[in-house]
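Asker: This is the structure, below, for whatever I ask next.
Values in this text are rule-based calculations from the coordinates and carry no lab data. What you see is a predicted model; the values in this text were computed from it and never measured. So basically every Cβ, Gly included, is an ideal-geometry build from the backbone, and we count neighbours across all protein chains shown.
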Amino acid sequence: MLDTAVIGGRKTITVIVPREDVSMDFCLSHEEEILRKTVEDFVRERLIPLEPQFEDAPDIFEGSRWKSRARLSRDPVVLRYIDIMENLEKQAEAQGLWHLDVPREYGGMQVSNVAMLAVTEELEKSAIPFEFGNHVSNILYNCKGEQIDKFLWPCIRGEKTSAFGLTEPASGADPSMLQTTAVPDGDHFIINGIKMFPTFADVADFVQLFARLPNTKGREGVTCFLIETGTPGYRVTRSIETIAGSEPCELVFEDCRVPHSQVLGEVGNGWALNQAWLGARRFQVGIRAHGMAQRVLRIVGQLLGADSAEASKFVEGIGHFLGELDALRTLSYFGAWKADQQMDVRSEAANVKLFGTELLHKIVDFALEIAGPAGLRTSHVLARYFRHARARRIIEGPSEIQRHIIQRALFREGVAGLELP
Amino acid sequence: MEFRLSEEEKLIQSTAAQFVKNELLTREGDYLRQRELFLPAGDPPRRELDPQVRETLINIAQHLGLWTLELPESGAEPIGYLARVLVHREFGRTILPFEPACAPALLAKTDFPKGLAAGKLSLALGFDQIDKTGALDGINTRYRPGAAGFTISNSEITIYHPSADLFLLPAREQGTHRIGLFLIQKNSDGISLEDEVDLTNDARMVRLKLRNCEVPESALLGYEYEAGEILAAEQLRIAARCLGIGMRCLADSIEHARTRETFGRTLAQRQAIQWMLADLSVNLRSCTWLTLEAASRADQSLPFFDAAALAKKRAATMAFGAADIAIQIHGGYGVCKEFPFEGFYREARMLRLLYGREAELNRAMGQTFLKMGLKR
C-alpha cells in the first residue's frame, strides 16, 4: 500500500504503510490501471491520427524540446506544429491528464514512479513528442521562500524553463572535478567559471548552476545557484551543434554576483542535488529507449513485410531484440518500484541507463542494416534515431560510468542487491 | 505492482535456502573432491552423488516440504509457480546434483503420487524432438485408440533421466493430429531403454524405444494445453536453476576478486574484472525479473508460455556466461573440478540446448512479430 506524508514542511514523500500479505505481483494497481487506460485511449484517439502530419516535422519536435526552442521560432511550419501541440495540451488538461508527476501541494497528481512509467510506456506507442505536463527539473522542489514563486511555480505552469549547468570543459563524467568557484562576499557570492553543454541555456529563463566554495575539492563545498538569464557577469557565449540535433551551449561566468537567497538547498550541499537530478529520470530513460526501440522495430516490420527473402535473413535478430526489450522493461519497472519504496536505487538507475541506451543503439544499428543506404537519408526517421541513439550513450553519464556505479555496489554489498526484496 | 515477496513466499524461499546451505553446500566439497591421488588410466569416472547421501537428503527434503513440490501431501495446498521458481533458484546455487523431484500436478489423479513423494519412484519427461526446439509442433510420435486404451506406435525418444520409472510423453493421434499427453510405466509392454551414454554434464541419456506400446485409457492425462504447460513449467525450472547458478558464480567471483592480488593490486581494482561482473549483474537482474514475472503470470492464470520460453532462453545464456566469467576470474582454479565453476559451465551449456535453443526461440518470436506486430 502506498500513502503520502508531508515531511519537513514541503518535501512530500511516499511511504509504506503496513500491508496485508500480498504475493509478488507484476500488474498495475486498480488506480494505476485506470490511468494507464485513459492514456492509452488518449494516444489512440488523439496522437496516433496525427502521426502522418509529423512525419516531416523538423528535428526540434523530438522529446520536450519543442517547448523551449520551437516557441521562439518565426518559421510558419514550426508555428503550425506548435499550434497542434498546444491544442493537444488543452485536450489533455480537459481530461485531467496534466501535471502527473507534480506533487499534490503544487496542484499536481503526484503519481508514483511506476504509474509514471506506465504512462510513458503508453505515450511512447506514438511518435508524437507529447508529454502530460511541463518539464520541471526535480531538484527545483527544494526551492524555499520567494524562490518558489520566482522559479518553481513558473516552471510548473510552463512560463519559464531552466537549464542545468554542471559539466565543464575539464569535468564531464566526473563532476566532482568541477572548477567553477563561488566566493562569498557579504550576502552575495561571486561566481567565476565556464560551463559546457547545458541544453537550452540560450532560451532558458535561468540556469541551475553548480559551483564550489573556495578551498574545497571533490564533492565538498559544491553549491547550487539559481541564476537568471541576463544577470550581469553571466553570458551564454555560443550554442554547439551535435550529432543528435540538440544544441547545447557554452556558459561563461565572470565575477557574476548572485545573492545568498538564490542558493538552492543548503550552501555546500549541492552534490546531493546534482546526484538527485541525475538519478531521477533514469527509469524514464529506460522506458523511453524501450518505446523508441519498439517504433524502430515497427519500421523494420514494414520494411520486411512484403519481402520474405529479406525477412528470413533478419527474423532471428528481431526475435532476439524483442526479448531484450522485455528485459529492459522489467528492469525499468523494478527500478521505478524500488524508487517508490524510497530505497537506494543508484545501482538500478545505472542498470537501466546502461542496458537501455546500449540496447537502443544496437537495435537502431540493426534496423539500418535492413533499411540499407536509404535509411541514412538525413530526413529518414531511422537516420534520426541513429543520430539520437549515439548521443544517449554519453549524455547523463556514459556507459562506462554506469558500469563503474554498478561494480562499486557489487564490491560494496556483494550480491545482496541482487537478492529478492 | 509489488516486487517484494509475501511472508509465505519468503518462508518457502528461506526454507530452501537453509536446506541448500546446511545440507547441500556442506557436502559439495566432498562431492567435488577427487577420489584418488592419481586418476586411474582411461576416462575419469563420471561424478555421482553417493546413493546413501542421496537417501539422507531426500528424507530431509521431504520433511521440509521441498520434495514433490507440485504434489503436496493430501490436504495441503500445492505451491505455485512463483514459489517453485524461488525453490529451484536456491538449489541452483550448488553443483551438487540434487533437486526436488519432478512430479507435475496432473499426476494427482493417478496411482503414483505416493511413490513419487516417498522417493520410491521417479519421473522423466519424454518430450521427443521438442526437447531441443521447445515447440509442440515438432511432436511426431503417433497414437491411436486400441483394444483397452491406446496404442503408441513405433518411436524413439531421448530421455535424460535413465533410471526413471515413469515417463510423461506427448504424442499425436493418427488422423486427427490431436496432441495427447501420456504417462507410461517403465515395465509396460512394447517399451525398452537402450543405448545409455554419458553426457558431458555428469548426466546420462538413453533412448526410450516404443514398439506398439499398449497403454490403458487412464494413461492419457491431458491434451495440447497440458503438454504446453509441462513444457513451460520445465522452462521455468531451468530458468530458475540458471538464476541460482548466476548468483553463485557472481558471489564467488566477487569474493575471489576482493582477495586475489596480481602485480600489487587486487583483481577487484582492475577494470577488466569490474566490467565483466557489472555486465553480468545487469544480465542476471533482468533474467531474475523476467523469470519471476513469467511465474507470477502463471499463478494468476494469465498466458505465460512465451514469457517462460524467453526467461529460459535468457537465463540459460546468462548462466553459461556467468560460469565462463567465474572460470576466468578464478584462473587455474576455475578449470579444476574441485571448484564448482567448470561443472556449472558444462551444465549450463546443456541447459541452453534444452526446450528451446536460442536461434529457434528468436526465430519464433521474430516470425510472430512480422505476422502480428507488437504484442499488447
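Asker: Using only the Cα atoms of the stretch A:354-421, what are the Rg and Dmax in Å?
Answerer: Here Rg and the maximum Cα pair distance are 16.5, 49 Å.
Asker: Next up: Considering only A:Leu79, B:Gln62, A:Ser23, whose Cα is most displaced toward the positive end of the charge dipole of the protein assembly as shown, charges sitting on Cβ of Lys, Arg (+1) and Asp, Glu (-1)?
Answerer: Value computed over the given set: A:Leu79.
Asker: Give the residue list of trypsin sites (Lys or Arg not before Pro) in the stretch A:74-139 that are DSSP loop and have at most 11 other beta-carbon atoms within 10 angstrom.
Answerer: Passing sites in the stretch A:74-139 are A:Arg74.
Asker: Rounded to whole Hz and in sequence order, give me ³J(HN,Hα) for the stretch A:165-176 from the Karplus expression 6.51 cos²θ - 1.76 cosθ + 1.60, θ = phi - 60°, writing x for Gly and Pro.
Answerer: Per-residue couplings from phi come out as x, 10, 5, 10, x, 10, 8, x, 4, 10, x, 5 Hz.
Asker: Along the Cα-to-Cβ line of A:Arg408, 7 Å from the Cα, sits a label point; which residues in the stretch A:254-279 have backbone N less than 18 Å from it?
Answerer: A:269-279
Asker: When chain A is modelled as a GNM with alpha-carbon springs shorter than 10 Å, which of A:Ala389, A:Ala201, A:Ala311 fluctuates the most?
Answerer: A:Ala311
Asker: Continuing with this model, one more query. Of B:Leu181, A:Val364, A:Ala409, which is farthest towards the positive pole of the protein assembly as shown's charge dipole, taken about the Cα centre with +1 and -1 on the beta-carbons of Lys, Arg and Asp, Glu respectively?
Answerer: A:Val364
Asker: Can you give me the C-alpha center-to-center distance between the stretch B:12-87 and the stretch B:294-348, rounded to a whole angstrom?
Answerer: So the separation of the two Cα centres works out to 18 Å.
Asker: Follow-up. Once amide H atoms are built 1.01 Å from N in the peptide plane, which residues 5 or more positions from A:Thr199, or in another chain, come under 5 Å H to H?
Answerer: Under 5 Å from the amide H of A:Thr199: A:Phe164, A:Cys249.
Asker: I would also like to ask the following. For chain A, set up a GNM with springs between Cα atoms under 10 Å and report which of A:Thr330, A:Thr180, A:Thr237 has the largest fluctuation.
Answerer: Fluctuation is largest for A:Thr237.
Asker: Hey, another quick one. Distance check, please: which entries in B:Lys21/B:Lys109; A:Lys37/B:Lys10; A:Lys37/A:Lys90 exceed 24 angstrom between their Cα atoms?
Answerer: Working: B:Lys21/B:Lys109 35 Å; A:Lys37/B:Lys10 33 Å; A:Lys37/A:Lys90 19 Å.
Those over the limit are B:Lys21/B:Lys109; A:Lys37/B:Lys10.
Asker: Related question: Long-range amide H contacts for B:Ala135: which residues qualify at under 5 Å (H placed 1.01 Å from N, peptide plane, sequence gap of 5 or more or a different chain)?
Answerer: Placed amide hydrogens put nothing under 5 Å from B:Ala135.
Asker: Let me check the size of the protein assembly as shown from its C-alpha atoms; what are the radius of gyration and Dmax in Å?
Answerer: 29.9, 104
Asker: Hey, how much of the P(r) for the stretch A:162-271 falls beyond 18 Å, as a percent of Cα pairs? Please report the intermediate quantities before stating the final value.
Answerer: Details: 2545 of 5995 pairs.
Of the Cα pairs, 42 percent sit more than 18 Å apart.
Asker: So, one more: Kindly express, to the nearest 10 degrees and within the range 0 to 90, the angle between helix B:271-299's C-alpha long axis and the longest C-alpha principal axis of chain B.
Answerer: Roughly 30 degrees, rounded to the nearest 10.
Asker: Using modelled backbone amide H atoms (1.01 Å from N, in-plane), which distant-in-sequence or interchain residues come within less than 5 Å of A:Phe206's amide H?
Answerer: Excluding prolines and chain starts, which carry no amide H, the hits are A:Thr161, A:Ala163, A:Thr229.
Asker: Once every DSSP H run of n ≥ 4 in chain A is given -39500 (n - 2.57) and the sum is divided by its residues, what mean residue ellipticity at 222 nm do you get, rounded to the nearest 500 deg cm²/dmol?
Answerer: Working: 12 runs with 176 residues, N = 421.
Dividing the helical sum by the residues of chain A leaves -13500 deg cm²/dmol.
Asker: Can you list the aspartates and glutamates whose alpha carbon sits under 17 Å from that of A:Lys362, skipping same-chain ones fewer than 8 residues off?
Answerer: Hits, sequence-local ones excluded: A:Glu316, A:Glu324, A:Asp326, A:Glu400, B:Asp279.
Asker: In chain A, once you exclude exposed GluC sites (Glu not before Pro) (DSSP loop, at most 10 other Cβ within 10 angstrom), what's the longest stretch remaining?
Answerer: A:242-421
Asker: Right, something else. Taking one equal scatterer on every alpha-carbon of the stretch A:281-415, how large is log10 of I(q)/I(0) by Debye at q = 0.09, 0.14, 0.22 1/Å?
Answerer: Log-scaled intensity ratios, in q order: -0.30, -0.66, -1.25.
Asker: A further question follows. Calculate, in whole percent, how much of the Cα-Cα pair population of chain B lies beyond 37 Å.
Answerer: Summing the P(r) of chain B above 37 Å gives 22 percent of all pairs.
Asker: Oh, and also: Along the charge dipole of the stretch A:285-396, pointing to its positive end and built from +1/-1 on Cβ of Lys, Arg, Asp and Glu, which listed residue (A:Met343, A:Pro373, A:Gly305) has its Cα farthest out?
Answerer: In the stretch A:285-396, that residue is A:Pro373.
Asker: Continuing with the same structure: What number, in percent, do you get for the relative contact order of the stretch B:1-157 if the mean sequence gap of Cα pairs under 8 Å and at least 6 apart is divided by its residue count?
Answerer: Answer for the stretch B:1-157 is 21 percent.
Asker: Output wanted: per-residue J couplings in Hz (rounded whole) for the stretch A:227-243, from phi through Karplus 6.51 cos²θ - 1.76 cosθ + 1.60, θ = phi - 60°, x for Gly and Pro.
Answerer: Taking θ as phi minus 60°, the curve returns 10, 6, 4, x, 4, x, x, 10, 10, 8, 7, 6, 10, 10, 5, 10, 4 Hz for the stretch A:227-243.
Asker: Tell me, what ³J(HN,Hα) does each residue in the stretch A:42-52 have, in order and in whole Hz, if you take phi through Karplus 6.51 cos²θ - 1.76 cosθ + 1.60 with θ = phi - 60° and put x for Gly and Pro?
Answerer: 4, 5, 5, 7, 9, 8, 4, x, 7, 3, x
Asker: Cα to Cα, under 30 Å, and not fewer than 8 places away if on the same chain: which lysines meet these conditions relative to A:Lys195?
Answerer: The reachable lysines, counting only those whose Cα sits under 30 Å from A:Lys195, are A:Lys11, A:Lys67, A:Lys144, A:Lys150, A:Lys160, A:Lys217, A:Lys353.
Asker: Expressed as a rounded percentage, what relative contact order does chain A have, with Cα pairs under 8 Å and six or more residues apart?
Answerer: Numbers: 627 pairs, mean separation 53.1, N = 421.
Reported relative contact order: 13 percent.
Asker: So, with +1 on the Cβ of K and R and -1 on the Cβ of D and E, and no other charges, what is the size of the charge dipole of the protein assembly as shown about its Cα centre, to the nearest 20 debye?
Answerer: Computed charge dipole of the protein assembly as shown: roughly 1220 debye.
Asker: Then there's this: Could you work out the helix-only [θ] at 222 nm for chain B, with each DSSP H run of four or more residues adding -39,500 (n - 2.57) and the total divided by the number of residues, to the nearest 500 deg cm²/dmol?
Answerer: Calculated mean residue ellipticity at 222 nm is -15500 deg cm²/dmol.
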